[in-house]
Amino acid sequence: MLLTIALDGPVGAGKSSVADGVAQKLGILHLDTGAMYRAFAWKALQKGVALEDEAALEALTATDLPEVRYENGEQRTYLGDEDVTGLIRTGEVSAAASAISKWAAVRRRMVAAQREIAAQADMLIDGRDIGTVVLPDADVKIYLTASASERARRRCLELEGRGTPKPYDDVLREINERDAQDMNRASAPLRCADDAVRLDTSSLDFDASRKVLLAIIREKLQ
């Protein structure tokens, strides 16, 4: 029986970075589903497909659905033979991913692909609808969050580290807008599953968040 751990939460909560460390400690794989949406959005931008055209995006899923491969235990995201892992972390792609993720037609194809991946190995999967839609029967469900102000602060530090600083007020506004879109979309809105453990990391640093998350998982699996 394969182990599945669902980790959901809003943008900027640190899901992917914390999940990487926890998955390594547990000796399992980590699937960042956000990278799949980013890769698909990147392809839509490359092909000039309108992000508001659900039919055109649905057609694109038939030819350009992202593929996840694991190389030395690390997730790489491909479109055809092209590794786009390093191309999908820009602000433009992030905004596009948010725009296309509201469409039910896109989410249906993504959910099916994510379930196929999760059926192949023990895995920690993070995203927005993992415990509620993708893997409603996951062995462990956790909702990782933090205040919007703290998520904006962390994002600003990340952007500064990349050499692309941005005003705090702009970052906070973008986070609030993304939260509103994710939580109010018609298809699979972001929410905490009824049987999920809610973990607020507003007052925790990365190491502490990882330790608490790991402790929750180990307790649930006892």
Total lysine pairs whose alpha carbons fall under 27 Å of each other in the chain (8 or more apart, or interchain): 18
How would ARG115, ARG178 rank on accessible area, largest to smallest, probe 1.4 Å? ARG115, ARG178
Note the per residue figure in Å³ for the convex hull of the C-alpha positions in the chain. 123
How big, on average over all directions, is the shadow cast by the Cα convex hull of region 101-222, in nm²? 8.8
Rounded, prolate or oblate: which fits region 170-222 when a ≥ b ≥ c are the square roots of the eigenvalues of the alpha-carbon gyration tensor, with rounded for a/c under 1.5 and prolate only if a/b beats b/c? oblate
Give me, ordered by chain and number, the residues 5 or more places off THR201 or on other chains with an amide H under 5 Å from its own placed amide H. THR145, ALA146
Which of these, THR63, THR201, THR77, has the largest mean-square fluctuation under a Gaussian network model of the chain (Cα springs below 10 Å)? THR63
Over the Cα atoms of region 49-169, each weighted equally, I'd like the Debye log10 I(q)/I(0) at q = 0.11, 0.15, 0.22 Å⁻¹, rounded to two decimals. -0.49, -0.94, -1.43
Any residue on another chain or 5+ positions along whose placed amide H is under 5 Å from the amide H of HIS30 is listed here as LEU124
P(r) for region 1-79, please, calculated from all Cα pair distances in 5 Å bins and given in %. 3, 13, 21, 19, 16, 14, 9, 4, 1
Charge dipole of the chain built from unit charges on the beta carbon (Lys, Arg +1; Asp, Glu -1), centred at mean Cα; most positive-end Cα among ILE175, ALA39, GLY86 is ILE175
Hey, what number do you get for the chain at 222 nm if only DSSP H runs of n ≥ 4 count, each worth -39500 (n - 2.57), divided across all residues, to the nearest 500? -15000 deg cm²/dmol
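The values are calculated or read from the model by the stated rules, or taken from the named source; none is laboratory data. No experiment lies behind these values; they were computed from the predicted model shown. Methodologically, a virtual Cβ is constructed for each residue, glycine included, from the backbone with ideal geometry; neighbour enumeration extends over all protein chains shown. Keep in mind that these areas ignore ligands, DNA and RNA; they rest on the heavy atoms of the full protein, side chains included. Shrake-Rupley method; radii C 1.70, N 1.55, O 1.52, S 1.80 Å.
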